[in-house]
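Written below as C-alpha cells is the structure these notes are about.
Here, each number is a calculation from the coordinates, and none is a lab measurement. It should be emphasised that the depicted structure is a prediction, and the values quoted were computed from it without experimental measurement. Cβ: placed from backbone, ideal geometry, glycine included. Neighbour counts: every protein chain shown.
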Amino acid sequence: MKVVFDIRSRMLVAALLPVTLVALVMAVVLLRGRAVDIAEAHDQRARALIRQMAAASEFGLFSANSASLQAIVGGAIRQPDVRAVQIVDARGQVLASSGGFDFGTMPNLGADEALLSEMKPNSDVLVQPVRATQVNIDDLFERSPTEPQREAAPLGHVVMVFSRDSVSQRARDMLWLGLLVTMGGVVLGGWLALRLARSVNQPVLRMATMIERIGQGELFVRGPVLASDPMSQVQRGLNEMAARLESSRRELSQRIAAATFELREKKEEAEAATQAKSRFLAAASHDLRQPLHALGMFVARLSQLPMDEQTRQLVGSLEASVLAMQNLLDALLDVSRLEAESVKIRVRPMAVSELFDQLRETLSATATAKGLRLRVRPSATWILSDPSLLHRVLLNLVGNAIRYTDVGTVLLACRPWGDGRLARIEVWDSGIGIAPEHQAEVFKEFFQVGNPQRNREQGLGLGLNIVQRTTRLLGHRLHLRSELGCGTRFTIEVPVVAPSDHRLAPPVPAPAMVGEQFDGLKVLVVEDDALASEGLGSLLQSWGCQTRQVDGLAAALELVASGWQPAVIVSDFRLRDAEHGVETVRRLRLAIGSPVPACLMSGDTSPELIHLSHQAGLTLLFKPVRPAKLRSLLRKLVAPGPRDASPGEGRV
C-alpha cells in the first residue's frame, strides 16, 4: 500500500508541477504588465490634469484674480486621487490652495515640469509652471523667420499632490485575482491528474495487495485481468508467477519433507554411531588403563628387586615403554579435559620468582645433562593466574626448548609490558627454530616438525596443543616468534597485581628412604581388578606399608568389623555390582567412626566422575597411576597437620 501511495503522490507531483509553474509564470507576466500599464495611466492622468489647471490658471495669474484661481483649485480637488492643490505666483506667494500641504519645505519651483515622488510617501508631487501664451505677429522687418523665440518667464506654478493609493489598491486586487486564477489552475490540474491517474493507481493498488499477500505466503491468490485495464498484461504475468511459485513451493515442500526424513534417519544413525563410539572408546580407555596401571605397579615393584646388569637393562627398557604409554595417556587426558572445559581454574596472586625457582629446580639437571645453559632471570613481579596450570604450561615450553636445542642457552624471563598492567613471560632458545609455514601447525594435535617416523624421544606432538588450550582457558595471550636456525621465543601475557602474602606451595622432595616414612602404614586397597589390586598391593608393601586388598564394599566392611583399622583408604571408583568409590569411602568412614584419609583411582576420565569426586572432597588419580604420584599423595595424606590435597584434581 505504501508503494501505491508513493506512486500516486509522484504522479500528482508530475502533473501539478508543470501546471503550477505555467500558471505562476503567466500570472507574474500578466500582472507585471498590467501593473506597469496602471502606473503609466495614473501618471499620464496626473500630468494631463495639472497641465489643464496650468492652462486654466494663465489669465488668473496674469490678472492676479484669486477668486478665479480658487475656483479652479476647488474644481481640481474634487478629482479622484487629488489630495492637495496650490497655485503660486512667480514670487512664490500662494494665490489659491485646497487640501492639506504638510511639506517641511516648499518644493523647488523651476521653469520646467517636475515630478517629486520622494517628498511624500505613497504620493506624487507635481509642479507645473504657468506661462503666458505667445502671439506671433507677422513683421518681416523686425525679426528673421529663422530666429528662435525666447521662452517667457513663468507667471506662476501649479503644485498638486496626487495620491497613489488607487494604484496600490488596483495592484493588490490584481495580485489576489492572479493568485485565485493560479490556485484555480492548480486545483483544476490536480483534479485532472487524479482523474488521469485513477485508471493506473487502481490496478497498481490491486497488484500491490496481491504481491503483499504473496509475500506473506498466500501463493494461491490471483488478480482479475480486465480488458480495460492498461496494466492487464502485467496482471496476467503476476498471476502466472504466483501459479509457478505455488507449484514450486509444493514441490519444494515435498523435497524438504523427504530430505528431512532422510536427514533424521542419518542423524539417528550418526547419534547411534557416536554413542557406540563413545561407549567403545570409554570401554577401551578403561580396559586399556586397567592393565597398564597394573603393569606400571608391577614394573615399579620389579625395579626394586635385586637383579643382574642384563636384567636391569631389560627392566629399564620395560619401564621406559610403560612410561611412554603413561605419558601418551596423560597427554590425551589433558587434551580431553581442556576440550571439555572440565578443568577447575583457581586464579590468585603469585610471585613470578617462586614459579621460576620451581622450574629451575625441576629442569636445570635436564639442561645440564644435555650440555645447555638454563638461564632464569630474577623477577620481583607479581601476577594473577592459576599457579598449577601456569606451572605446567611453562614446564612444557621450557622442556620443549631444552629438547629441541642442541647447543646454546635456554632463557626464562619476565618483562613488564604496555602501561604496566601486563607482564610478558618469555621462553627463549637457540635451537633449530620453526619455519613460517609450520608456525600455525605446531599447535595442532600430534603435529611434529621433522619427526615423520614418530620417534617418541622427540615428544608426542601434544605439548603445544595443551599449552595453547590452557592459556586460552586462563585468558592469557600466547605469541610465537621463530626463525629457522635462529631459535624460538614463546611469550605469554599475564595480568600484573600488587604483591601479597600468598606463596606457592614448594614441591615436596622425595624422601631418601621411602620405607622409613611408610613403615607399618595400614593401607586398605578396594579394587575389583585382580591384577591391578595385586600390583598396587605389592608396590605398597615394598614401601613398608601393611596392606589388605578387597574387591568390594562388603568385603571391606567385613574386614573393618573384624578389627583391622586402616590409616589410608585407596579405592577404585567403579566397582562391581554398580558400586562406586565415593559411596564406598563414605560407608567405610561411618563404620570406622572417623574421617580416614582416602583417595580414588579410576580408568574413567569423564567430567561427571571428576565432579562427583570434587563434591565428595576426594582426590582422584587417573589410571595408569605413576608410583611417584601415588607416593607423593600418600605423603600428603599421612603428613601431620591439615591436609591440602586439592580435591577433585586429576593430576597431583
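Below, the figures for the structure above:
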{"read-out": "Residues Ser248, Ser97, Ser594, Ser613 arranged by fewest to most Cβ contacts within 10 Å", "value": "Ser594, Ser248, Ser97, Ser613"}
{"read-out": "Residue pairs, from the table Lys444/Lys623; Lys344/Lys444; Lys266/Lys444; Lys444/Lys636; Lys522/Lys623, whose Cα atoms sit over 28 Å apart", "value": "Lys266/Lys444; Lys444/Lys636"}
{"read-out": "Taking Phe162, Phe62 and counting other C-beta atoms within 10 Å, the order from fewest to most", "value": "Phe62, Phe162"}
{"read-out": "FRET efficiency for Arg255 and Val407, using Cβ-Cβ distance with R0 set to 56 Å, rounded to 0.05", "value": "0.25"}
{"read-out": "P(r), alpha carbons of segment 343-495 - 10 Å bins starting at zero, rounded %", "value": "11, 42, 37, 10, 0"}
{"read-out": "Neighbour-count order for Lys266, Lys344, fewest beta carbons within 10 angstrom listed first", "value": "Lys266, Lys344"}
{"read-out": "Translational diffusion coefficient (Stokes-Einstein; Kirkwood radius from C-alpha pairs) of segment 381-423 at 20 °C, 1.002 mPa s, in µm²/s", "value": "175 µm²/s"}
{"read-out": "Neighbour-limited loop hits for trypsin sites (Lys or Arg not before Pro), segment 38-90 (at most 15 other Cβ within 10 Å; DSSP other than H, G, I, E, B)", "value": "Arg78"}
